[in-house]
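The values are calculated or read from the model by the stated rules, or taken from the named source; none is laboratory data. Quick caveat: nothing in here was measured; it's all calculated off a predicted structure. All Cβ positions, glycine included, derive from the backbone under ideal geometry; neighbour counts span all protein chains shown. Just the protein is used for accessible areas: all its heavy atoms, side chains included, with ligands, DNA and RNA removed. Shrake-Rupley method; radii C 1.70, N 1.55, O 1.52, S 1.80 Å.
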Amino acid sequence: MAAPAAAAPTRARPGIELLLVLGVSLGQAAVYSLLSIIEKLTRNVPLNQQTTSINNSVAPDRPWLDLAYQLAAIVFPTVPALIALYLLQLTADRSRIGFDLRRPRFDIGWGFALAAGIGIPGLGLYVVARALGFNTIMSPANLQENWWTVPVLIGLAAMNAVLEEVVIVGFWFTRTRQLGWAPWVVLVTSAVVRGSYHLYQGFGGFLGNLVMGLVFGLVYLRTKRVGPLIVAHFLLDFVAFVGYALLAPYVDWF
């Protein structure tokens with residue numbers, strides 16, 4: 001008896017895939033981020049007097065266990081990006097998003113330029129948003145000092161870069177265009193989602209990442225490569241995580 005033929009892809013498939021990938025990754029993060037900002041706004045403490053801590057130690061008194069937790073926090077959030085890449089591969093779209101090593105100089109050059117162009121104004125926006133009461137105090141690196149602290153922070157920066165740029169740019173732009181969305185709608189909605197899952201930081205974090213999403217989206221529309229975006233995102237998080245860990249004891253304006 002012949003095996004049943006595989007069902008032909010439906011027109012709804014890109015939307016279903018997008019919802020499922022977002023549901024286990026950045027879409028879920030956006031919902032929790034919205035709940036987080038509501039919780040912060042309903043406290044009896046001004047927003048700019050609250051501290052948001054990320055990359056925290058889980059078992060600071062047991063470094064070996066803490067390391068295991070941190071490695072799990074790097075590996076498992078990367079899985080949705082791998083799922084997105086797998087789904088793109090099934091429809092022959094993976095090679096079109098520029099997640100490869102074919103143009104390393106191009107990706108690194110654009111990545112450094114983007115990181116510089118976004119990082120410096122972004123830091124200024126953070127300081128202004130805090131002063132105006134629109135943002136929490138960010139504490140982006142709170143691991144205990146161990147031999148593995150900096151490598152773990154680098155791994156977390158790499159995980160964030162791959163997850164966000166593959167899912168919210170490469171996968172999002174591909175699947176929404178297949179749904180017939182206009183390019184400007186794809187660009188704006190991607191940026192809004194990016195800003196939304198950073199709302200836990202405050203409204204400055206939302207606005208800064210909204211602008212970052214618009215810039216990254218425009219670069220992707222021009223280059224058709226997520227490579228430069230991943231490099232830029234990694235550099236931004238590397239400076240934020242490792243730089244904070246090294247400088248926070250000596251400065252008081254973070």
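Using the heavy atoms of the protein chains alone and a 1.4 angstrom probe, what is the accessible area of the range 1-122 per residue in square angstrom?
Working: 8030 Å² over 122 residues.
Spelled out: the 1.4 Å probe surface of the range 1-122, per residue, equals 66 Å².
Per residue, how much accessible area does the range 164-254 have with a 1.4 Å probe, in Å²? Spell out each step's value before the answer.
Working: 3700 Å² over 91 residues.
The answer is 41 Å² per residue.
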Identify, among Leu132, Gln178, Leu218, the residue whose Cα sits farthest towards the positive end of the charge dipole of the range 130-254, taking +1 on the Cβ of Lys and Arg and -1 on the Cβ of Asp and Glu, with the dipole about the Cα centre.
Gln178
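Please report, as a whole percent, how much of the solvent-accessible surface of the chain comes from carbon and sulfur atoms (probe radius 1.4 Å).
Details: 9390 of 13570 Å².
The value for the chain is 69 percent carbon and sulfur by accessible area.
Treat every Asp and Glu Cβ in the chain as -1 and every Lys and Arg Cβ as +1, leave all other atoms uncharged, and give the resulting dipole magnitude about the Cα centre to the nearest 20 debye. All intermediate terms of the calculation are to be shown ahead of the outcome.
Working: 17 positive and 12 negative charges, 190 e Å.
That gives the chain a dipole magnitude of about 920 debye.
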Charges at C-beta only: +1 for Lys and Arg, -1 for Asp and Glu. How large is the resulting dipole of the range 108-254 about its Cα centre, in Debye rounded to 20?
600 debye
Select from Val169, Leu199, Leu235 the residue farthest towards the positive end of the dipole of the range 159-254; place +1 on Cβ of Lys and Arg, -1 on Cβ of Asp and Glu, and compute about the Cα centre.
Val169
Residues whose placed amide H lies under 5 Å from that of Ile137, excluding near-sequence neighbours
Gln50, Thr51, Thr52
Under a point-charge model restricted to the Cβ atoms of Lys and Arg (+1) and Asp and Glu (-1), what is the dipole moment magnitude of the range 29-116 relative to its Cα centre, in debye to the nearest 20?
260 debye
Which one, Gln49, Thr91, Phe106, projects farthest toward the positive side of the charge dipole computed for the chain from Cβ point charges (K/R +1, D/E -1)?
Thr91
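What's the ranking of 71-77, 121-127, 232-238, 81-87 by average number of surrounding C-beta atoms within 10 Å, highest first? Provide the component values of the computation, followed by the final result.
Values: 71-77: 13.9, 121-127: 16.0, 232-238: 22.6, 81-87: 18.6.
Highest to lowest by the protection proxy: 232-238, 81-87, 121-127, 71-77.
After finding the eigenvalues of the alpha carbon gyration tensor for the range 6-53, what semi-axes result from the square roots of 5 times each, listed largest first in whole Å? If you can, show how the numbers build up before the last one.
Values: eigenvalues 297, 14, 7 Å².
Equivalent ellipsoid of the range 6-53: 39, 8, 6 Å, largest first.
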